[in-house]
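Here the structure is laid out as structure tokens; the discussion comes afterwards.
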Amino acid sequence: MIRLTVNGQQHEVDAEPDTPLLYVLRDDLGLNGAKFGCGLGQCGSCTVIVDGQPVLSCLMPVSVLSGRQVRTIEGLGGNAVQHAFAEEQAAQCGYCIAGMVMRATALLEQNPHPSEHDIREHLSLNLCRCGTHMRILAAVRRAAGQGGKS
Amino acid sequence: MNAVLSRRGLMALGGGLVVGFALRAEEPARPGSLKETPSLDAWIRVAPDGRVTVFTGKVELGQGIKTALLQVAAEQLDVPVAQIDLVTADTMRTPNEGFTAGSHSMQDSGTAIMNATAQVRGLLVAAAAAEFGVAVETLTTADSTVRAADGRSVGYGTLAAKLNLHVDAEPASTLKDPATYRLMGTPMPRVDIPAKLTGGPAYVQDMRLPGMLHARAIRQPSVGAKLLDFDAGPIEAMPGVVKVVREGSYLAVVAGKEWQAIKAMRALEAAAKWEETASLPDQATVLDLLRGLPARDIPVLTWKGEAGAPVKRLKARYTRPYMMHGAIGPSCAVAQLADGTMTVWTHTQGVYPLRSALAGLLRLPVEQVHCIHVEGSGCYGHNAADDVAGDAVLIARAVPGRPVRVQWMREQEHTNEPYGAAMIAEVEGAVDAAGNIVDWDYGVWSNTHNRRPYVGGLMLQNAALPEPLPVPPPAPIPMPEGGGERNSNPIYAFPNAKVVSHFIPEMPVRVSALRSLGAYLNVFAIESFMDELAEGAGADPVEFRLRHLKDERAKAVVSLAAEKFGWVAGKRGEGRGFAFARYKNLGAYCAIALALRVEHETGHIRLGRVVAAVDSGQVVNPDGIRNQIEGAIVQAASWTLYETVRFDRKRVLSRDWSGYPILRFAAAPESIAVHIVPRPGQPFLGTGEAGQGPMAAAIANAVRDAAGVRLRDVPLSAPKVKAAIGV
Ligand code: FES
Ligand code: FES
């Protein structure tokens, strides 16, 4: 049994210790937000927040998470970033979007007034194949109170 | 209603078969997919409580089709959007609308639903008129209710309970006056976005059926690889493993949990031994190889006319490599064999053709396969969505009763999806002393762009199974849609032109439909060459295009993009590029103007401002159109700047995002603005793929302007740019 805290709730899961957090979130806890994209740390679609830091859940074994706070998009409760993504209609297929929202949330928590350069650099780990980039950038600017569409 | 008597009307008059047949040729065709599925209740049903269900055979791919179809239905029916349930492709419930592809959804399904809902509204109003004993014209509709001038009203549900909608649609409908539209033409938030922003179940990847198992396939490492004997015993003993499935060279594993399935898959990959052959071509010379393969010549057009004497003649060759769809979410499917029926939840683009293909693979009658569309990650054409459904059914058959979820791994998606075909276009053209194009000779060489499965032989698994089914030969897609020749017919008015498509049957690499098919290279070639000829004629690229356009809507789009960009004729050397096309010369018009910088030390291209103008006919969701065009621009930028599938003689080497880099945020354009030309009441024009070709050419044209070099081989990668500049 492995203990972990997700979105403020304690869980005990019966998973092998090398199981990446991604699979525990999806299969044991039934959370859909974190997505499998590559399993290699290359795309960011599995991004969640652990102790305030954006983390690639496909690479992090669940065994290292005891005593740490995991947050997923399900636990954001409609934050400014989620609202801004809805306002900007910043999704096409949307598969990358939960990861984008999590990474942007982590950025704005650490740096509430990011420059355009900061935003682009920070998001660059996350891939989007639909080409929703401009809307995602606009959404992050909007969430940072910098207005939306350029 | 239209005065033309319908076929149904004639039959009812007792015309019988002969009369009906004789008059049928005169009868106008029903609009959109009503042609194939005419019955109104195939598209729309109204429950006694007034709730409306609308059925479409098209699927949501992230293009926003659900939202647009709801807008159309709500508009024509006068029902609130929230009162409508939309059912998308399902082989037991919806019309068969083939594939959701080629930017056809609005033209086919949007048109069908617009007309069907308008006709149902007409029937509801007629029923109310009869009930109230008043004339139809005195009635109004709003909020699912018909109202009479004297204040009486009746709900749609009550009316529908007495109405038979199992009747064929009329060929013509009384549509609302576009000037009165409240929903169509107005931005509407996408109905699928909230779940995607909150972690709601939104994708087939998110399905969790009771008792569901997780499976992984172990792919053949190269085309035709043969699985040799090995001991799977230790793997079957691994924790959670339910079964190792082996049929010929087909290998898969099922486990209780997903991570267990992945570990077992890795163990099987390590244990399995394969006999491989060098079946792939030499990447360095593959374009020459393709150019030399036997080809079937298909004439696309020949124009002959009076023209001035040529004073300048140019010749060029444009090429593109194999490119990948590269979905962010690897393909996934869930299947369950229960009570003799194989049910498959799939993000295929065509549930009906896939049903036939899966039935073939399983040797089952089609009635015993049921395909239900559930959204997946964006696919951009025929990717692995169908093939993973092949895995799901083969594995589900081995564990009857249990639902099985299969998702491909990243390297499986990268190395096994069917790629977009490598292509070559060769063009020769001449201008006269007045700067008019007087001659145009164009040839394009390509494999097929459609290997979508409709029989079992086209599934990836077929070759691995012990008794493979016959594989149908590749076929070209005829014009006006075209495959490799899509958009090879120039939209410009040239007095003399010849266009030939050289269809190459032999496929050295597995290929199929990638967003915009041949249009990407043909538009890249035509629009690059237009700039080359403009330069030869000493003309401004925008003015040169307008000079050769006759189509007023085309001119309007070109002019709008130039104006909004602030294009100044004759101003050169600032990294500005322009390009234009009408998708397939049938769909949306799209012009793009952009600015970029070339970093001379590295050869990197930095995209600046991008301005697009688009004419999609009647607009349903303007924000949806903008989103699609923006997406096409960014995706085409990625294709054009970075992408090439790499392989050696045995295996694909582009196994993940490091081996197949795509555009990241740091390299996204500074800005994109999309301007829409409103065309109220005009037919819908497919938009989803309209930006792909123009973006590629606009980049190449701007590179020429910025750095003085003309690049004709996609991708315009940094090393190639650097080599061309020669610094
Ligand atoms: S799935 Fe974790 S980085 Fe791609
Ligand atoms: S919206 Fe489809 S991958 Fe980003």
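In Å², nearest 100, what accessible area do chains A and B bury in total when the solvent probe is 1.4 Å?
Details: alone 7580 and 27930 Å², together 30710 Å².
Protein heavy atoms only, the A-B interface buries about 4800 Å².
Computed with a 1.4 Å probe on the full set of protein chains, the accessible area for A:SER115 sits at about 50 Å². Between B:SER39 and B:ALA169, the built amide H atoms are under 5 Å apart, and every one of these is 5 or more places off in sequence or on another chain. Estimated translational diffusion coefficient (Stokes-Einstein, Kirkwood radius over Cα pairs, 20 °C, 1.002 mPa s) of chain A: 139 µm² per second.
A simple spin-label model places pseudo-atoms 7 Å from Cα toward Cβ; at A:SER124 and B:VAL87 they are separated by 5.0 nm.
Please report the relative contact order for segment B:32-192, taking Cα pairs under 8 Å with a sequence separation of at least 6, and give it as a percent rounded to a whole number. Can you show the working numbers first?
Numbers: 259 pairs, mean separation 54.5, N = 161.
Contact order relative to length: 34 percent.
For B:ILE672, the residues whose amide H sits under 5 Å from its own are B:VAL610, ignoring neighbours fewer than 5 places away on the same chain, with H placed 1.01 Å from N. The ellipsoid that matches the Cα gyration tensor of segment B:32-192 has semi-axes, each √(5λ) in whole angstrom, of 26, 17, 14, with the longest given first. Under the combined filter of DSSP loop state and at most 12 neighbouring Cβ atoms within 10 Å, segment B:534-572 retains these trypsin sites (Lys or Arg not before Pro): B:LYS550, B:LYS571. Under 18 Å of direct C-alpha separation, and excluding same-chain neighbours fewer than eight residues apart, B:LYS564 reaches these lysines: A:LYS149, B:LYS555. Pairs with C-alpha atoms separated by more than 28 Å, drawn from the list B:LYS312/B:LYS550; B:LYS304/B:LYS571; B:LYS650/B:LYS722, are B:LYS304/B:LYS571; B:LYS650/B:LYS722. As a fraction of the 1.4 Å probe accessible area of chain B, surface on carbon and sulfur atoms comes out at 56 percent.
Annotation: B:VAL134 carries an accessible surface of approximately 50 Å², with a 1.4 Å probe and no ligand, DNA or RNA atoms counted.
When the helices of the protein assembly as shown are scored as -39500 (n - 2.57) per DSSP H run of n ≥ 4 and the total is divided over every residue, the value at 222 nm lands at -8500 deg cm²/dmol. Phi-derived couplings, Karplus 6.51 cos²θ - 1.76 cosθ + 1.60 at θ = phi - 60°, listed residue by residue for segment B:564-580: 5, 6, x, 5, 10, 4, x, 7, 10, x, 10, x, 9, x, 9, 7, 8 Hz, with x used for Gly and Pro. Given +1 at the Cβ of Lys and Arg, -1 at the Cβ of Asp and Glu and no other charges, the dipole of segment A:80-143 around its Cα centre is 180 debye to the nearest 20.
The order of B:TYR250, B:TYR352 by accessible area, most exposed first and with a 1.4 Å probe, is B:TYR352, B:TYR250. Remark: segment B:259-276, residue by residue, has Karplus-estimated 3J(HN,Hα) of 5, 5, 5, 5, 5, 5, 4, 4, 5, 5, 4, 6, 7, 5, 10, 10, 9, 10 Hz, where x stands for each Gly or Pro and the curve is 6.51 cos²θ - 1.76 cosθ + 1.60 at θ = phi - 60°.
Residues in segment B:480-632 average 27 Å² of solvent-accessible surface per residue, probe 1.4 Å, ligands and nucleic acids excluded. Across q = 0.19, 0.24 Å⁻¹, segment A:80-143 modelled as identical point scatterers on its alpha-carbon atoms has Debye log10 I(q)/I(0) values of -0.59, -0.98, in the order of the q list.
Ignoring solvent entirely, what values of log10 I(q)/I(0) come out of the Debye formula for the protein assembly as shown at 0.05, 0.10 Å⁻¹ when each Cα is a single scatterer? After summing over all Cα pairs, the log10 values are -0.29, -1.18. Residues of segment B:356-400 with an amide N closer than 12 Å to a point placed 7 Å from the Cα of B:ASN96 along the Cα-to-Cβ direction: B:356-357, B:366-367.
Please list, in order, the residues from segment B:68-102 whose amide nitrogen is less than 18 Å from a point placed 7 Å along the Cα→Cβ vector of B:THR140. Counting only backbone N, you get B:75-80.
Using C-alpha pairs below 8 Å separated by at least 6 residues, the relative contact order for segment A:1-99 is 33 percent. Backbone N atoms of segment B:143-158 closer than 14 Å to the 7 Å Cα→Cβ label point of B:ASP49 belong to residues B:157-158. Going by accessible surface with a 1.4 Å probe and the largest first, B:ASP206, A:ASP28 read A:ASP28, B:ASP206. Please identify, among A:SER57, A:SER45, A:SER124, the residue showing maximal mean-square fluctuation in a Gaussian network model of chain A using a 10 angstrom Cα cutoff. Comparing A:SER57, A:SER45, A:SER124 in a Gaussian network model of chain A, the most mobile one is A:SER124.
Within the straight-line cut-off of under 19 Å between alpha carbons, the lysines reachable from B:LYS263 are A:LYS35, B:LYS243, B:LYS273, sequence neighbours fewer than 8 places apart in one chain being disregarded. In this simple spin-label approximation, B:ARG712 and B:ALA29 carry label points 7 Å from Cα along the Cα→Cβ vector, and these lie 3.8 nm apart.
Cα extents for segment B:586-727 along the principal axes, largest to smallest and rounded to whole angstrom: 52, 38, 26.
With only the Cα atoms considered, segment A:2-75 has a convex hull volume of 74 Å³ per residue. Normalised radius of gyration (Cα atoms, divided by 2.2 N^0.38 Å) for chain B: 1.02.
Once the C-beta distance of B:ALA309 and B:ALA493 is scaled by a Förster radius of 25 Å, the resulting FRET efficiency is 0.85 to the nearest 0.05.
The values are calculated or read from the model by the stated rules, or taken from the named source; none is laboratory data. Just so it is clear, the structure is predicted and the values come from calculations on it, not from any experiment. Backbone-built Cβ (ideal geometry, glycine too); neighbour counts: all protein chains shown. Just so you know, the surface numbers come from the protein's heavy atoms only, side chains and all, with ligands and any DNA or RNA stripped out. Shrake-Rupley method; radii C 1.70, N 1.55, O 1.52, S 1.80 Å.
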